[in-house]
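First the structure, in the form of structure tokens, and then the observations on it.
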Amino acid sequence: MLMKTAKAALLGLGMGMLAASTAASAAEPIRFAVTDLAGMEELQREFGAFRDLLAEKTGREITFFAVASRTAAVEAMNAKQVDFVLTGPAEYVVFRDRSKAEPVVGWSRPGYYAQIVVLADSPYVTAQDLKGKKVAFGDVGSTSAHLGPARVLLDLGLAAGRDYTALNVSRNVAAEAMVRGDIAAIGMNRTHLDRVEKAFPETRFRVIARGGDLPGDILVAGAHVPVELRQQLRDIFLTQGDALRAAILTGEDNQKFKGGVFHTRIDDKDFDDVRLSYRAIGVTQFSNFVGE
């Protein structure tokens, strides 16, 4: 009888400890990072309203985790210092390779496609006219300013280094060079073209090639994040999408998401086309961020 009483006491103690552990785990804050934003001030400005609303819907505190680079973000995820990261499709491919990150919710961006832009009065009418010319791209490894445009040209039979000279320069510098006649074309997305047109109001531009819509940004979860929490966030984005979009759009940089939608049915294979686009710039291994 004494032994049974002792066993019951131990069992009760064990169950109590398990319950306490579970409650403590549930009370832990959800740590959130964005690879495009380096400082805590930027995170607060762009995502403060979103964080507060998501905290209300999950019943959990959401804390920002500032990262200095994409590499720092993936290392923080591997160290279980951050739970969810909002990143781009090109970055996701590396996150997946290095940390087994899981895609949770896709954030679509209207006008998010790659295109090849020339001056309206230039002699370049088709992509084939760019053979032997110089073509400028944006940041090395950018989905819509480098990988995407290079893929557009490759699909049309033009390979970097073989058929044209590829340069990676900032957008406005590239536009100035194109006006001077130093380069023939620039690879960019629709939003980039809008900004270039505003920066050069007296210059007219023309699109001679464009690709299909690119995958949008992705909210990814670290491999350590419980499946139940990932699903909870998917459900919240599915049912509270309008409110979350409104909260996101309080940030100036986040206007790129205006008119977009959230995708909760998202899978790793959805990014196979991005992997093919990496190959357009000669990258076949995804363990490191290009240009970093």
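A few comments on the model shown:
- Residue among K80, K4 that alone is closer than 21 Å to V105 by Cβ, loosely packed, with under 15 Cβ neighbours inside 10 Å and either modelled with pLDDT of 95 or more or not assigned by TED's automatic domain parsing to the domain that holds R230 (or both): K80
- Residue-level check: of (1) in a loop (DSSP other than H, G, I, E, B); (2) out of contact with any Ser or Thr (no Cβ under 7 Å at 6 or more places or on another chain); (3) of a type outside the set (V, I, T), E292 misses just (2).
- Of the numbered criteria (1) at pLDDT 95 or above; (2) under 15 Å from the mean Cα position of the chain (by Cα); (3) of a type outside the set (S, T, Y); (4) within 20 Å of D139 (Cβ to Cβ), the one M188 fails is (2).
- Answer residue from region 195-205, given it is out of contact with any Ser or Thr (no Cβ under 9 Å at 6 or more places or on another chain) and either among the aliphatic types (A, V, I, L, M) or touching a residue at least 40 places away in the same chain (Cβ under 8 Å) (or both) and is surrounded by the fewest Cβ atoms within 10 Å (Cβ to Cβ) among those: R204
- Residue within region 53-66 that is in contact (Cβ under 8 Å) with a residue 60 or more places away in the chain and either surrounded by fewer than 16 Cβ atoms within 10 Å (Cβ to Cβ) or of a type in the set (K, R) (or both) present: yes
- Number of residues in region 30-43 that are out of contact with any strand residue (DSSP E or B) (no Cβ under 7 Å at 6 or more places or on another chain) and either modelled with pLDDT of 95 or more or aliphatic (A, V, I, L, M) (or both): the value is 2.
- Selection within region 167-197 - part of a helix (DSSP H, G or I) and either touching an Asp or Glu at 6+ places or on another chain (Cβ under 8 Å) or among the small types (G, A, S) (or both): A174, A175, A177
- Restricted to region 226-277, and to residues there that are assigned to a helix (DSSP H, G or I) and of a type in the set (V, I, T), the residue that is nearest to A114 (Cα to Cα) is V274.
- Evaluating E75 against the criteria (1) outside the structural domain of A33 (by TED's automatic domain parsing); (2) among the charged types (D, E, K, R); (3) surrounded by fewer than 22 Cβ atoms within 10 Å (Cβ to Cβ) leaves one unmet condition, (1).
- Residue in region 55-66 that is within 18 Å of the chain's Cα centre (by Cα) and not small (G, A, S) present: yes
- In region 206-260, the residues that are among the β-branched types (V, I, T), surrounded by 15 or more Cβ atoms within 10 Å (Cβ to Cβ) and within 22 Å of T143 (Cβ to Cβ): I208, I218, V220, I248
For every residue, the table says whether it meets (1) more than 30 Å from G259 (Cβ to Cβ); (2) buried (at least 24 other Cβ atoms within 10 Å of the Cβ).
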{"position": "A90", "(1), (2)": "no, yes"}
{"position": "S108", "(1), (2)": "no, no"}
{"position": "I116", "(1), (2)": "no, yes"}
{"position": "D121", "(1), (2)": "yes, no"}
{"position": "R171", "(1), (2)": "no, no"}
{"position": "R190", "(1), (2)": "no, no"}
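- Of all residues in region 98-112, those that are touching a Leu at 6+ places or on another chain (Cβ under 6 Å) and closer than 21 Å to V290 by Cβ total 1.
- Those residues of region 226-273 which are over 18 Å from D36 (Cβ atoms) and of a type in the set (S, T, N, Q), in sequence order: Q231, Q232, T239, Q240, T264
The values are calculated or read from the model by the stated rules, or taken from the named source; none is laboratory data. In this text, all values refer to a predicted model and were calculated from it rather than measured experimentally. Cβ coordinates were reconstructed from backbone atoms using ideal geometry, including for glycine residues, and neighbour counts include every protein chain displayed.
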